[in-house]
1. List pairs: first in the range A:137-166 and within 22 Å of A:L117 (Cβ to Cβ), second hydroxyl-bearing (S, T, Y) and modelled with pLDDT of 85 or more, Cβ under 7 Å, 6+ apart or cross-chain?
2. Would you mind stating whether A:S146 is surrounded by fewer than 16 Cβ atoms within 10 Å (Cβ to Cβ) and more than 12 Å from the chain's Cα centre (by Cα)?
3. Would you call B:G156 in contact (Cβ under 8 Å) with a residue 40 or more places away in the chain, within 12 Å of chain A (Cβ to nearest Cβ), under 27 Å from B:V212 (Cα atoms) and of a type in the set (G, A, S)?
4. Name the residues in the range A:47-58 that are more than 9 Å from chain B (Cβ to nearest Cβ) and surrounded by fewer than 18 Cβ atoms within 10 Å (Cβ to Cβ), would you?
5. A:I17 passes all but one of (1) among the aliphatic types (A, V, I, L, M); (2) within 7 Å of another protein chain (Cβ to nearest Cβ); (3) in a helix (DSSP H, G or I); (4) over 19 Å from B:N51 (Cβ atoms); which number fails?
6. May I ask you to verify whether B:G227 is on the phi > 0 side of the Ramachandran plot and touching a Leu at 6+ places or on another chain (Cβ under 9 Å)?
7. Considering only residues of the range A:81-133 that are polar (S, T, N, Q) and under 26 Å from B:G132 (Cα atoms), which is farthest from the chain's Cα centre (by Cα)?
8. Kindly indicate whether A:R32 is within 12 Å of chain B (Cβ to nearest Cβ), of a type in the set (K, R) and out of contact with any strand residue (DSSP E or B) (no Cβ under 6 Å at 6 or more places or on another chain).
Amino acid sequence: MIKRITLSVIFIFFFFIIQLTIFPLFISSYLRPDFIMIIAVYFAIRNNKFFLNGFNCFSLGLVQDFFSSFPLGFFALSKFIIFLIARSIKSRFLFSPLILGTTLVIIATLVEGGISLALFSLKNKTDGLIFFLEKAFIYQPLINGSIAFLFFFSIHYLNLVKPLKGFSYH
Amino acid sequence: MKGFYKRLQIYLFIILLFSISLFLLLSNDRTKLDNNPFSSAILELAAPVQNLTAKTFNFFRSIVDNYLLLINIRKENLLLKKRLKELTYENQRLKEMKYTNIRLKKMLDFKQSISFPLLPANVIGMDSSPLGNSIFINKGTAQGVKVGMGVVAPEGVVGYVIRTSRNFSSVIFLTDRSSGVNGLVQRSRAKGVVKGTIAGNYCEVKYLLKEVDVRKGDLMVTSGIGGKFPKGVVIGRVDKIENRPDTLFKMALLTPAVDFYKLEEVFVVLSSMRPDNNTKR
């Protein structure tokens, strides 16, 4: 258990460093992949442990809140909602981890865009809406989807995502 | 019965995590710029690693740029290659020194042109979300940085400090939806409020009176009102003007002078005042 938690922490830490420090060194653009999102989806579907995975996604969002300009609690909420959606989709459709992971990352990006749009609307901050819609609902899902495909493609062959009980891909 | 308890546990778990995140979201809507000890501790823990990673990657990138690309040459030219390497390295180093010199001179000129005390800082990381608009710098409360202080670059206004720890701080961009700064049109001295948008890459100039003279291409500078920024720092250039008949004011869209995604060094305006508690975020 301790080994698993330590590995999870190292894993999360590694991807946070990639997202916060390494990406900006190489990608000097307002569009960049959201690795935290991919990891949240990975946590949601990697095995059938509901509580552990749910807590992991929530914690991941909470940590992300401290490194973002969004209000505290926003990413904790959005990552937990994404976890619930991912679990629900995983239990209903029998996709391979590669297709499931990529599709879920695209859906999760759209969901997070939707939640942030709802937050802005609540606070009457909707200037620049068109550009935001383009970024959050077109470009970002495509970028995240492409990177998620590579990510799940690599872990698919390492067999790091377990199927639901009683289901076989072959 | 066992299934009932299992479902109950799941529902309680969902309700608990939803309640925590909603509580955080509602109790912390940043109607005032807070800086709780927990967020400071997280920043202080993670930022040294970010700092180290940024330095290490920059170091390796410079090695790759300067040396590794020259490896693939023929054996009989080893001597020449060695000399070429030396010269290339020397050349790169001199070029880098030249650019550093130009950059530092620009920064020094900028620093001297501003009467406010400025604290130079390096950018060590960016916002965790692509939808967010903030950066992390390697200066914190130990160096005198406080929440609300303005941050500028030689090109113009960057934003202001939203979180601090002992040695690191988080800076929100001027283009963020919650940012705002008093500005004036350099040519006609017309006043307006420059506000960020949810688009995150341009600003809007609000409360420009209909009769004031604003044209496309005009430069907006800080007015000095509010004390966050010195007077006369460039904010950006007017890109588009909207004259709506149903409103009292006209509105302009502004392209910031700073490319936020290419920032390496910034200045914190040390004597800038703490913002009012009602600064809407």
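The values are calculated or read from the model by the stated rules, or taken from the named source; none is laboratory data. This one's a predicted model, so the numbers in the text were calculated from it and none came from an experiment. Backbone-built Cβ (ideal geometry, glycine too); neighbour counts: all protein chains shown.
1. A:Q140/A:T109; A:P141/A:T109; A:N144/A:T109; A:G145/A:T102; A:A148/A:T102
2. Values: surrounded by fewer than 16 Cβ atoms within 10 Å (Cβ to Cβ): yes; more than 12 Å from the chain's Cα centre (by Cα): yes.
Criteria met by A:S146.
3. Values: in contact (Cβ under 8 Å) with a residue 40 or more places away in the chain: yes; within 12 Å of chain A (Cβ to nearest Cβ): no; under 27 Å from B:V212 (Cα atoms): yes; of a type in the set (G, A, S): yes.
In short, no.
4. Across the range A:47-58, the qualifying residues are A:N47, A:N48, A:K49, A:L52.
5. (4)
6. On the way: on the phi > 0 side of the Ramachandran plot: yes; touching a Leu at 6+ places or on another chain (Cβ under 9 Å): no.
Criteria not met by B:G227.
7. Restricting attention to the range A:81-133, the residues satisfying the condition of being polar (S, T, N, Q) are A:88, A:91, A:96, A:102-103, A:109, A:116, A:121, A:124, A:126.
If we keep only those that are under 26 Å from B:G132 (Cα atoms) too, we end up with A:102-103, A:109, A:116, A:121, A:124, A:126.
Numbers: A:T102: 10, A:T103: 11, A:T109: 7, A:S116: 15, A:S121: 23, A:N124: 27, A:T126: 25 Å.
The residue in question is A:N124.
8. On the way: within 12 Å of chain B (Cβ to nearest Cβ): yes; of a type in the set (K, R): yes; out of contact with any strand residue (DSSP E or B) (no Cβ under 6 Å at 6 or more places or on another chain): yes.
Here the answer is yes, as A:R32 does meet what is asked.
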